[in-house]
Amino acid sequence: MAASQKEDLSASERKILQVIAAGDVQEASHLLASKDVRVNCLDEYGMTPLMHAAYKGRADMCCLLLQHGADVNGNQLEYGYTALMFAGLSGKADITSMLLDAGAEKDRVNSVGRTAAQMAAFVGQHDCVTVINNFFSLARLEYYTRPQGVEGEPMLPHRLAGPLHKIIMTTNLNPVKIVMLVKENPVLVDVAALEKCYQVMDMLCEQCVKQQDMNEILAVKMHYISCVLQKCLAFLQKRDGKLDILVKNLLRGRDSDGFPQYQEKFIRDCIKKFPYCEATLLQQQVRIIRMIEIGSGNDPTAFSVLTQAITGQMTFADAHYCATCGEKGADKRCSLCKAVTYCSLMCKQLHWFTHKKMCRCMQEQDADPEMDTPRLKELKGAIYPVVIFDLISLQ
Ligand SMILES: [Zn+2]
Ligand SMILES: [Zn+2]
């Protein structure tokens, strides 16, 4: 098929492939407007313009091509690669999620039976793997916004679908972050709304376990989010509508070393409460959790065990993660100890009530690295013993 198809390309189509490689969005847009460019034309190898754009890691170009009707699942390539596989290989998480949003099928396999997630993992593009494994379409959630069967009321009011979907899609499982996502949507800060949301999450969890190819990762994630939503609900009911108190509880560090015990216990309980004992992923988690005493120095936290199970990535309390909400790419240091970082001024202020007890001590530790306690090492970015993670065999 190869050679003849390249001859089939118009001059403009050949041009647009060059323009994509060069990243000239304006010129590409101009070419797409002309009649002699087919958005799904194939080059000599059977690659579409969208595949080229995805492989080159050009997000704006992918967006433009999708707007012009590029087929996100088009697949004429000799080796059966899809645009999503190219996005995964390029390591661009934004393009990966854009293609998934546009309907890219994540279960497609190439000619040697590998999915996009497996290919991305093979080349070490873990952010893309996480995005693919955690993808859950808005359409699947919106199903619950329509009345089913004889019931007049849908399980989920339509206005809650968008905000809840945003929470489902987060790859940062820090409970503080999830509470923040609830707080930023006034429609969610409501007893009835939270009740509906967690019930839908429980139902989705059950579906993920019972569907033909059980998706444990998503099942565990749905269960965990349900637990956080139920916690929010309990605080709204009992604490006079104050989610801020929940955030403080989650952040408060133990006096001796700043270890956030409440958060640790909360996540452990979530893991242990997972209702489907046939899930092997969870059995492993529970076993690991049982082996570790709460806050016993430099052992992995329940949060890191959970994160690794769901995202396949290890999290370290290191300089790249916000000490409050766990967001990646934090760049605002505590100006006194310089040992902890935050993603925003708000996170820095939220953490100060508890960090101030440790800040002085961390300043002194910084001066004398020999005196590092395990927890301080962890806070400064040292690596957890890797051996414990060998117990979790993933994916
Ligand atoms: Zn933050
Ligand atoms: Zn400090």
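The values are calculated or read from the model by the stated rules, or taken from the named source; none is laboratory data. No experiment lies behind these values; they were computed from the predicted model shown. All Cβ positions, even for glycine, are placed from backbone atoms using ideal geometry, and neighbour counts span all protein chains on display.
Points to keep in mind about this one:
- Number of positions in region 80-98 that are assigned to a helix (DSSP H, G or I) and closer than 14 Å to Lys56 by Cα: 12
- Lone unmet requirement of (1) free of Cβ contacts under 8 Å to residues at least 40 places away in the same chain; (2) over 13 Å from Leu141 (Cβ atoms); (3) under 21 Å from the mean Cα position of the chain (by Cα) for Met201: (2)
- Boolean, Ala104 is buried (at least 17 other Cβ atoms within 10 Å of the Cβ), in the same structural domain as Tyr55 (by TED's automatic domain parsing) and either hydrophobic (A, V, I, L, M, F, W, C) or touching a residue at least 24 places away in the same chain (Cβ under 8 Å) (or both): yes
- Residues of region 332-363 that turn out to be part of a helix (DSSP H, G or I) and either near ligand 2 (Cβ under 8 Å from one of its atoms) or surrounded by fewer than 18 Cβ atoms within 10 Å (Cβ to Cβ) (or both), as a count: 14
- Among residues of region 79-119, those that are within 17 Å of Ala139 (Cα to Cα) and of a type in the set (Gly, Ala, Ser), counted: 4
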